[in-house]
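Heads up: the structure comes next, in structure tokens.
The values are calculated or read from the model by the stated rules, or taken from the named source; none is laboratory data. Not measured: the values here are computed from a predicted model. Cβ: placed from backbone, ideal geometry, glycine included. Neighbour counts: every protein chain shown.
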Amino acid sequence: MFSVFKRGMVGVYQHCGEAHLHRYLAEFDFRYNRRTALKITDTERHDQLLAMIEGKRLTYRQIGETQNA
């Protein structure tokens with residue numbers, strides 16, 4: 001899985017700050033664990049993602065607060 005993450009960082013994101021590394025890893029973990037090789041369709045993956053974010057709200061202030069803490 002590290003090779004998938006490394007390729008994504010080089011090819012897609014190109015830079016990742018240490019403070020946000022856990023977010024990038026979480027995204028790649030989500031995508032890898034729900035890949036088509038496991039026979040999960042795009043619709044199922046979409047529904048799972050929406051179920052995970054239901055009731056959550058992310059604002060810029062919340063992001064900034066974690067950096068200052």
Look through the stretch 1-54, keep the residues that are exposed (fewer than 11 other Cβ atoms within 10 Å of the Cβ) and in a loop (DSSP other than H, G, I, E, B), and return whichever of them is farthest from the chain's Cα centre (by Cα).
Lys39
List, please: which pairs have Cβ atoms under 9 Å, are six or more places apart or on different chains, and start with a residue in the stretch 12-30 that is under 19 Å from Leu49 (Cβ atoms) and end with one that is basic (Lys, Arg) and assigned to a helix (DSSP H, G or I)?
Phe30/Arg45
All conditions in (1) exposed (fewer than 10 other Cβ atoms within 10 Å of the Cβ); (2) modelled with pLDDT of 80 or more are true of Arg57 except (2)
